Amino acid sequence: MERRRSRSPSATAAGALLCLAVLVVGVLLPAASADGCPAGGEQGRSRHRREQLWVFGDSYADTGNLGNLGRELTHAWYDPYGKTFPRRPAGRFSDGRVLTDFVASALGMRTPVAYKARRRASRETLARGMNFAVGGAGVLDTGNFQRNISAQIDLFQTMHHSPGCRAGSGKRTALVVVSGNDYAYAADKDNGTSAAIAYIPTVVRELRGQLRRLRDEAGMRRVVVTNLHPMGCTPTFTRLLNYTGCDPLANAGAAQHNAALRSVLAALDPNNRTFLLLDVHTPFAAFLLDDNNGDSDNKKFKSTLRPCCESFRPDGYCGEEDENGTRQYTLCDDPGRYFYWDDVHPTQAAWVAVAGTFRAAVKSFLST
């Protein structure tokens, strides 16, 4: 999720409320054209079919698509991002790997290439799929001038429907991950978390349309959809409480979104044959809300509500520098002991822990 600047504390707090990531997996052919179009389908057949992972969304899934627009707007291309992996800033909104990397791993695949890097990728790399996710994007337009989910799916369909690039009938699965920017945009406009919560029906209605589109138009046989994590526990909210607790209103909004999403999936797929609700709320809550995960050195995470990279100012950001190049943030010694990296994004260690709870479910669902 791309944090928005220059907002009041209440609007900033709402900035943790919805980013989107959609990952699409398909079994296609290993060869691919220079623009990322898989060479297969009706253009050729191969005995060696392989899975492809297609990623749509925002900063929870972005592996390098947000252009370098300067330190303030695109923190992920500056220190200290990438400290753990790949040991340099590389466009991931974390100290290391993000959700996309772990979903690919659960499927036994390497991470697909970012759309921005597609022209430099080998045919073998392109054959694994592509990541369209970009920081700041949402289900709807978020005012960040990034492609929303509909526009990202447009790119996918354009590539697969272009001349010489008609995709075959291989098994495809979409994974949709939702976690914040649409609600941040609503809160910015109306200056409050309550306004973001009121936006939930609109967001979920649009999400429903895009889920149906993935199944009916893009030909996805499986669609995996995450629910929302306890967004009131992100450091954007907990900082206002001196990192001693979570914002109950924001967490209530997450619960409301999750209930609406369950209803949508039940209506779209009464027999649970196409859609899988992937629960990320439970593992997030287990680490963030469980009293047994306090600051003891014996616990997996030394800190759950305070980020590893903390700005000096409430409206600052991780990686901020003054005009003399002096750091305007503190950095922990070991990101692996912190659940959150910055004000909204988990550390690589947090994603490892969360992914451990969904790997089996994803593999079982996709094997049926």
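No value in this document is a laboratory result; all are computed from the given coordinates. It should be emphasised that the depicted structure is a prediction, and the values quoted were computed from it without experimental measurement. No Cβ is skipped: glycine too gets one built from the backbone with ideal geometry, and neighbour counts run over all protein chains shown.
Observations, loosely collected:
- Greater than 27 Å apart at Cα, pairs in 83/116; 83/299; 302/363: 302/363
- The residues neighbouring residue 361, those whose beta-carbon lies less than 15 Å from its own, together hold a net charge of +2 under the Lys/Arg +1, Asp/Glu -1 convention.
- Protection proxy ranking for 220-228, 244-252, using the average of other Cβ atoms within 10 Å per residue and placing the highest first: 220-228, 244-252.
- Rounded to 5, the percent of DSSP beta bridges in region 198-357 classed as antiparallel: 50
- Charge dipole (Cα centre; +1 on Lys/Arg Cβ, -1 on Asp/Glu Cβ; no other charges) of region 51-367 amounts to roughly 1700 debye.
- A viscosity of 1.002 mPa s and a temperature of 20 °C, combined with the Kirkwood radius over C-alpha pairs in the Stokes-Einstein formula, give region 51-367 a diffusion coefficient of 107 µm²/s.
- Whole-number percent relative contact order across region 51-367, with pairs defined as alpha carbons under 8 Å at least 6 apart: 17
- Calculated FRET value between residue 322 and residue 272, using beta carbons and R₀ = 56 Å, to 0.05: 0.55
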